[in-house]
Amino acid sequence: MAVADNMAKSEQLLATILKSLADDKAEDIVQIDLRGKTAIGDYMVICSGRSTRQVTSIAEKLAQTVKDEFGRTAKTEGKDVGDWVLIDTGDVIVHVFRPEVRDFYQLEKMWLSGEQAAAPTH
């Protein structure tokens, strides 16, 4: 039962994160199911913002939303620069990139198989 409860919370958290990103006009949102692949979390979400200001804003609002709705303090890294911000909510790891930085690192290719990598959502 505890595993099912944890997965339900993880799914709720993911849905809230995806809604927050969409509301803040994040682009090319990709979600990756990490269950069974790694212990770092259940999901990874990768998205882009058009500028350093938008990347930082998306990250700040997302961290606040997670705190308000789930009582979790998300760990963030990279907010000072705004090229790539990592938001670790525990069950879901979120990467918010400027498009050029995202293209350079290509995180999706590390975690997705071929058919999934070609299907970003907006």
- Query: Does GLY82 count as at pLDDT below 95 and over 18 Å from THR38 (Cα atoms)?
  - Reply: yes
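From THR76, THR16, which residue is hydroxyl-bearing (Ser, Thr, Tyr), in contact (Cβ under 8 Å) with a residue 24 or more places away in the chain and surrounded by 14 or more Cβ atoms within 10 Å (Cβ to Cβ)?
Values: THR76 fails: in contact (Cβ under 8 Å) with a residue 24 or more places away in the chain.
It is THR16.
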- Item | Enumeration of residues in the range 42-69 that are crowded, with 21+ Cβ neighbours inside 10 Å, outside any helix (DSSP H, G or I) and of a type in the set (Gly, Ala, Ser) | SER48, GLY49
- Note on the structure: Counting only residues in the range 28-41 that are surrounded by fewer than 17 Cβ atoms within 10 Å (Cβ to Cβ) and not in a loop (DSSP other than H, G, I, E, B), the one modelled with the lowest pLDDT is identified as ASP33
- Quick check: anything in the range 100-112 buried (at least 17 other Cβ atoms within 10 Å of the Cβ), touching a Lys or Arg at 6+ places or on another chain (Cβ under 6 Å) and among the charged types (D, E, K, R)? no
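The values are calculated or read from the model by the stated rules, or taken from the named source; none is laboratory data. Keep in mind that this is a model prediction, so the values were computed, not measured. Glycine gets a Cβ as well: all are built from the backbone with ideal geometry, and neighbour counts include every protein chain shown.
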